[in-house]
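The values are calculated or read from the model by the stated rules, or taken from the named source; none is laboratory data. What you are looking at is a predicted structure, and each value in this text was computed from that prediction instead of being measured. Neighbour counts are summed over all protein chains in view; Cβ atoms, including those assigned to glycine, are modelled from backbone coordinates with ideal geometry. Heavy atoms of the whole protein, side chains included, go into the accessibility calculation; ligands, DNA and RNA do not. Shrake-Rupley method; radii C 1.70, N 1.55, O 1.52, S 1.80 Å.
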Amino acid sequence: KIEGGLSIRRIEQLKPETERRIFIKNGRAYMPDGSPPPQIIEQVAARIAAPFFSVDIIENDAGNLRVVEIGDGQVSDIVGWSAEAFVKIFQG
């Protein structure tokens, strides 16, 4: 139930070099380096009932994290991930 509707948001200055992709499998967040996920990712993982999806986050100029995209994982590149780290998501 993440399709449709209208979204209105404030324009913010974002830091492109801080964008990261996180994958969620069965409600658990996986970071490319194995670190604990930020709280905003835990909140997203708890709210979306999908077996697998990706979440892209980025920092704004104040250093706050923002979710910029949620995808179903079908077309998500593993940018920022090694192939080995990505495969580990499905081994555990």
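Results, tabulated for the structure shown:
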| read-out | value |
| --- | --- |
| Along principal axes, Cα extents of the chain, largest first, whole Å | 40, 30, 23 |
| Using θ = phi - 60° and Karplus 6.51 cos²θ - 1.76 cosθ + 1.60, couplings along region 23-40 (whole Hz; Gly, Pro as x) | 10, 10, 10, 6, x, 10, 8, 10, 9, x, 9, x, 6, x, x, x, 4, 4 |
| Nearest-10 value in Å² for the accessible area of residue 84, using the 1.4 Å probe | 120 |
| Full-extension gain in nm, residue 82 to residue 52, via 0.36 nm per residue minus C-alpha separation | 9.0 nm |
| Rounded accessible area per residue of the chain, 1.4 Å, Å² | 72 |
| Difference of contour (0.36 nm per residue) and Cα-Cα distance, residue 62 to residue 6 | 17.6 nm |
| Heavy-atom SASA rank of 82, 7, 54 (probe 1.4 Å, accessible area, largest first) | 7, 82, 54 |
| Order by protection proxy (mean Cβ within 10 Å, highest first), peptides 39-49, 22-32 | 22-32, 39-49 |
